[in-house]
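Below you'll find the structure, written out as structure tokens, and then a few comments.
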Amino acid sequence: MNPMQDKILEVKNLTLTVRNKTVVRDVSFELFPGQITALVGESGSGKTLTGLSLLRLFPNEAICKNGCIMFANRNIFDLSSEEMRKIRGNRISMVFQEPFTAMNPVMCVGRQISETIEAHQKYLRKDMLKRLVELVELVCLSRDVLSKYPHELSGGMRQRALLAMMIACNPEILILDEPTTALDVSVQKEILELIDTIRKQRNLSVLFITHDFSVVNMIADSVCVMKNGKIVEKGTKKSVLYNSQHEYTRNLIACIPRLGDTRRRLPVG
Amino acid sequence: MGKKEPVKAVDDVSFTVQKGKTFGLVGESGCGKSTIAKMIVGMLVPSAGRVTVIGDKDIVFQDPYGSLNPRMTISQIIAEPLVARSVKKDKIERSIKEILARVRLDYGICKDKYPHQFSGGQRQRIAIARVLIHKPDVIVLDEPVSSLDVSIQAGILNLLKDLQEEFNLTYLFISHDLRVVEFMSDVVGVMKNGKFVEVAPSDELYRSPKSDYTKMLLAVVPDFSEMVK
């Protein structure tokens, strides 16, 4: 991480409660342009809710009890709905885990991407087509996918199409919630490489939410480990993955079987 | 719509599994792994060839949400295989208690609850308990841990190994995760487009893979052996 570079977003002491249950506790971290920050934890650790709060998209019952999220010198919680709408999908966008449900099944891919663009920008019809082709080619899809429906695409292709949709407005921050969990390992590798290329090309700041430390190892620059709504450890990838000071992190890494593993049993935290 | 050629989901596959051992089946989505699983337990009939299973067989599915009847309590779900075999009521209850303890769930707390009241890992343990209660000789495990957190996964894998030792169970273990398959299996078959590209004892296949496809799969495994010593 380059400390000289200015942070693009800062989460400060964020605390969220849902029906009087605290699900995110005093969470603080920063995002930097061109950097991938991984938010790692098990189900229920609060990682997705933390990601959603960057877009102020948490469920109705959730209340922000404390803390703030600073983006472009403003606290996200102080913005009006109208101002928030201008940020979502435009300056901060999010790719969800399930590429099946994240897309509209009755709309072709091209229409879905243009819908995202039209929400924020004006384009002439012919320019729009050019932009759409540019976008799908950027994610290594052929232009025929524009006229296809989500069910005609494989899981990997859908995830690429979603990426195209989410970077359509040139956002500064991209949130990825378990983007490769549902994919085969060889496809997973392709998507991770694509994400890496895009962030370098566009100096994009990425918040990568996952439960899989081996994926973190492949892609992240810095890592926050969450447990029960709290960040228990954070730092550069090297310090957290290879020299963890925290037992919880070490256990989570140790319980994954490795190639050439000679252990008869796996440690259970 | 034009006429479609019938697809050969599984094409000329042969393998044997020894009693008390685990045969691992790896391959990417759509390669025919689950079709083999279904043929072994008799849910699908092969269009040619034969599956012979000596003894009783059962299957644990990937999705612990879809595989448990939402309107049945846990004790009803787990009792079903025994009810179907007309086992006496008091014996069934004893068996349920025993088997729930084995998968580390509390009988008193669980018996009258419904599947939606459990987490994914707990549900998978319930699905395993339902299969284990009638001690089938052969258990097909179709991606049994793929939807679970790594720590829950570790617990389930340990449990499966313990139970195999104790009851001399035979497993067909299906997964797309080569690390998990290596951890579990004695012999591994790598599938692609309905065919085996390589079948070999686990240590041999992982140490010196013969086919290019196996080599490619091993190369993309997100591994970090150097991370923890």
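The values are calculated or read from the model by the stated rules, or taken from the named source; none is laboratory data. The model shown is predicted, which means the values in this text are computed figures rather than measured ones. Don't worry about glycine lacking a Cβ; one is built from the backbone with ideal geometry, like all the others, and counts go over all protein chains shown.
Report the residue count in the range B:196-212 for those that are under 18 Å from B:M184 (Cα atoms), out of contact with any helix residue (DSSP H, G or I) (no Cβ under 6 Å at 6 or more places or on another chain) and either aromatic (F, W, Y) or part of a strand (DSSP E or B) (or both).
3
Please find, within the range B:10-68, the residue that is surrounded by the most Cβ atoms within 10 Å (Cβ to Cβ) out of those that are assigned to a strand (DSSP E or B) and of a type outside the set (K, R).
Restricting to residues being assigned to a strand (DSSP E or B) and of a type outside the set (K, R), the top hit is B:L25.
With the checklist (1) in a strand (DSSP E or B); (2) of a type outside the set (D, E); (3) out of contact with any Leu (no Cβ under 7 Å at 6 or more places or on another chain); (4) surrounded by 14 or more Cβ atoms within 10 Å (Cβ to Cβ) in hand, flag the one item A:R56 doesn't pass.
(1)
If you scan the range A:167-201, which residues turn out to be aliphatic (A, V, I, L, M) and modelled with pLDDT under 90?
A:A182, A:L183, A:V185, A:V187
Filtering the range B:161-183 down to residues that are of a type outside the set (K, R) and free of Cβ contacts under 8 Å to residues at least 24 places away in the same chain, which residue is surrounded by the fewest Cβ atoms within 10 Å (Cβ to Cβ)?
That would be B:E166.
Looking at (1) more than 18 Å from A:R258 (Cβ to Cβ); (2) within 11 Å of chain A (Cβ to nearest Cβ); (3) in contact with a helix residue (DSSP H, G or I) (Cβ under 7 Å, 6 or more places away or on another chain), which is the one condition that is false for B:V190?
Answer for B:V190: the failing condition is (2).
Given the residues A:L252, A:L259, A:L266, which is the only one that is surrounded by fewer than 16 Cβ atoms within 10 Å (Cβ to Cβ) and within 7 Å of another protein chain (Cβ to nearest Cβ)?
Going through A:L252, A:L259, A:L266 in turn, the sole match is A:L259.
In the range B:157-180, what residues are in contact with a Lys or Arg (Cβ under 8 Å, 6 or more places away or on another chain), more than 7 Å from chain A (Cβ to nearest Cβ) and more than 19 Å from B:R104 (Cβ to Cβ)?
If the condition is that a residue be in contact with a Lys or Arg (Cβ under 8 Å, 6 or more places away or on another chain), more than 7 Å from chain A (Cβ to nearest Cβ) and more than 19 Å from B:R104 (Cβ to Cβ), then B:N168, B:T170, B:Y171, B:I174 are the ones that fit.
Quick check on this structure: which one of B:G32, B:G49 is under 17 Å from the mean Cα position of the chain (by Cα) and at positive phi?
The conditions single out B:G32.
If I go through the range A:134-153 residue by residue, how many of them are free of Cβ contacts under 8 Å to residues at least 24 places away in the same chain and either exposed (fewer than 15 other Cβ atoms within 10 Å of the Cβ) or in the same structural domain as A:I87 (by TED's automatic domain parsing) (or both)?
Selection size over the range A:134-153: 6.
Would you list the strands (runs of 3 or more DSSP E) that sit entirely within the range A:186-262 and hold 2 or more residues that are assigned by TED's automatic domain parsing to the domain that holds A:F32 and touching a Leu at 6+ places or on another chain (Cβ under 8 Å)?
So the answer is A:205-210, A:222-227.
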